[in-house]
Amino acid sequence: MAPRVAAPARPAAVGRSPRITLESSPEIRLRIVIDARKLHDYGIGTYVRNLVRQLARQCGDESYGLVCRPADEAFVRALGPRFEPIVARAGHYSATEQVVIPWLVQQARADVFHAPHYVLSPLTRCPSVVTIHDCIHLRFPQYLPNRAAVEYAKWMMRSAAHKAKRILTVSQASKDDITSYLDVPAAKVDVIYNALDERLANAPTEEDIARVRERFLLNAPFVLYAGNIKPHKNVDRLIQAFAEVRARGAGDLKLLIIGDELSKYPNLRRLVHRHHLHPHVRFLGFVPDETLAALYRMAAVFVFPSLYEGFGLPPLEAMAAGAPVVTSNVSSLPEVVGDAALLIDPLNPIAIAEAILRVLTDAPLRADLIRRGHERVKAFSWERSVARVREIYADVARGGVRG
């Protein structure tokens with residue numbers, strides 16, 4: 001599809017801008033539509049928020065329609081005159097969205113549609129880009145609620161991968177899984193890294209840290225985990241490792257676990273009681289960004305023993321805050337942390353415990369991990385990543401297809 005003439009400061013109503021060919025004017029405007037309905041989710045929501053905010057900051061002739069919930073219209077308009085909300089009420093993973101979203105994209109006369117998740121309806125008519133963050137549903141189908149959800153994920157991911165003109169993903173590890181599980185050529189898949197969320201970019205003040213310390217009565221050193229607590233996050237083995245750390249004489253060391261929906265995983269509390277750790281392990285549930293930033297800063301060590309990650313933002317966040325990091329030697333995590341963390345076998349609680357003890361007892365190692373962490377964070381930039389996304393939008397609009 002041909003791009004359109006540059007519009008005035010305020011975009012015309014959806015579907016009203018005239019379309020011309022590239023050859024007929026040097027002033028072109030691509031119309032990009034992005035599905036932003038997961039704006040407030042964890043994981044994908046972080047990706048969407050940073051994508052659209054950075055798109056708004058980068059100068060260009062593109063105009064953007066963001067498919068969003070009614071409550072997010074004001075957010076979209078606040079991004080600037082090149083952004084327009086396209087309200088959708090269709091539920092995620094519903095039959096309705098398979099029809100409604102393509103219809104809205106067509107009404108918006110998109111040159112390119114970007115699905116920032118693996119849901120891309122076969123009815124989408126314009127050239128499309130899809131972001132597939134990971135293949136966790138294919139690697140660990142047992143974590144989905146039922147067989148129907150497994151089959152839906154398999155079908156939708158494969159359909160999206162083959163329909164899209166380009167596939168974006170967030171690590172080389174994820175790219176390898178995508179090409180293997182979904183049978184697409186490597187040339188069709190672009191690795192574009194995530195980066196530090198701006199919500200955690202500013203260091204907390206000493207007053208902020210003191211307030212968090214007082215609120216949660218944090219008068220002893222603590223090991224920190226932050227993320228969700230789904231089974232593949234491996235929090236059960238972290239608890240077992242902490243029991244081993246305590247058994248080897250860790251003084252008054254505590255374990256703080258940040259992650260919501262604890263009620264869905266009662267086995268974690270049972271495990272704490274089985275090891276007689278209830279005075280030493282605290283589940284804090286969801287905490288605001290400001291509190292999380294302070295906890296990262298205060299942690300004696302941050303441990304992230306996940307079995308699988310498409311990217312794994314928490315270790316990057318912890319390194320930015322100056323926490324020494326222990327994380328898994330599998331999937332994308334070595335790719336993200338480089339030489340700035342201790343890597344462990346996540347299936348071995350003893351190995352996790354020994355890494356924690358090393359960080360706690362080896363002051364030069366701890367200082368080196370903190371220094372390396374600060375340097376490693378600089379390798380990731382939303383500005384660079386989103387600039388590359390814009391290049392791919394333009395390439396797809398011109399008919400560029402790989403594979």
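What whole number of Å gives the distance from the Cα centroid of the range 312-377 to the Cα centroid of the range 271-285?
For the range 271-285 versus the range 312-377, the Cα centre distance is 23 Å.
Which ordering of Cys135, Cys59, Cys126 is given by a fewest-first count of other beta-carbon atoms within 10 Å?
Cys59, Cys126, Cys135
Put +1 on the Cβ of each Lys and Arg and -1 on the Cβ of each Asp and Glu in the chain; which of Phe380, Thr291, Gly259 then has its Cα farthest toward the positive end of the dipole?
Gly259
Ranked by Cβ crowding within 10 angstrom, fewest neighbours first, how are Phe283, Phe242 ordered?
Phe283, Phe242
Considering lysine pairs in the chain that are 8 or more places apart or on different chains, how many have Cα atoms under 17 Å apart?
Close lysine pairs found across the chain: 9.
For the range 145-203 and the range 69-108, what is the separation of their C-alpha centers, rounded to whole Å?
Centre-to-centre distance over Cα atoms comes out at 22 Å.
What FRET efficiency would be calculated for the residue pair Leu347, Ala148, taking the C-beta separation as r and a Förster radius of 30 Å, to the nearest 0.05?
0.50
List the extent of the Cα atoms of the range 157-200 along each of their three principal axes, largest first, rounded to whole Å.
The Cα atoms of the range 157-200 stretch 37, 18, 16 Å along their principal axes.
Specify the residue with the greatest mean-square fluctuation among Arg237, Arg109, Arg388, computed from a Gaussian network of the chain linking alpha-carbon atoms under 10 Å apart.
Fluctuation is largest for Arg388.
Expected output is a single nm value to one decimal: the length gained when fully extending between Arg89 and Arg53, i.e. 0.36 nm times separation in residues minus the C-alpha distance. What is it?
10.7 nm
Taking 0.36 nm per residue of sequence separation and subtracting the Cα-Cα distance, how much length would be gained by fully extending the chain between Leu365 and Lys230, in nm to one decimal?
45.5 nm
For the range 198-377, what log10 I(q)/I(0) values come out of the Debye formula at q = 0.11, 0.17, 0.19 1/Å, with one point per alpha carbon and no solvent?
-0.41, -1.08, -1.40
Mind checking the dipole of the range 198-377: about its Cα centre, +1 per Lys or Arg Cβ, -1 per Asp or Glu Cβ, Debye to the nearest 20?
For this selection, approximately 640 debye.
At a 10 Å Cβ-Cβ cut-off, how would you order Val325, Val389, fewest neighbours first?
Ranked by crowding around the Cβ, least crowded first: Val389, Val325.
Given the options Arg248, Arg31, Arg158, which has the most mean-square fluctuation in a GNM of the chain, springs set between C-alpha atoms less than 10 angstrom apart?
Arg248
Given Cβ point charges of +1 (Lys, Arg) and -1 (Asp, Glu) and nothing else, what value in debye, to the nearest 20, does the dipole of the range 33-118 about its Cα centre take?
The dipole magnitude comes to about 200 debye.
Suppose the chain between Arg358 and His273 were pulled fully straight at 0.36 nm per residue; how much longer would it get relative to their current alpha carbon spacing?
28.0 nm
Checking the a/c ratio against 1.5 first, then a/b against b/c, what shape does the Cα gyration tensor give for the range 89-189?
The shape class here is oblate.
Give the percent of DSSP beta bridges with both residues in the chain that are antiparallel, rounded to the nearest 5.
5 percent
Return the Rg/Rh value of the chain, two decimal places, where both radii are evaluated on C-alpha atoms and Rh is the Kirkwood radius.
Here Rg/Rh amounts to 1.00.
Taking 7 Å along the Cα-to-C-beta vector as the label spot, tell me the Asp183-Arg215 distance in nanometres, rounded to one decimal.
That separation, rounded to one decimal, is 5.1 nm.
If R₀ is 60 angstrom, what is the calculated FRET efficiency for the pair Glu375 and Val99, using the beta carbon separation as r and rounding to 0.05?
Calculated transfer efficiency: 0.80.
Computed from the coordinates by the stated procedures, all read-outs in this text should not be read as laboratory data. The structure presented is a predicted model; accordingly, all values stated were derived computationally and were not measured. Please note: Cβ atoms are built from the backbone with ideal geometry, for glycine as well, and neighbour counts cover all protein chains shown.
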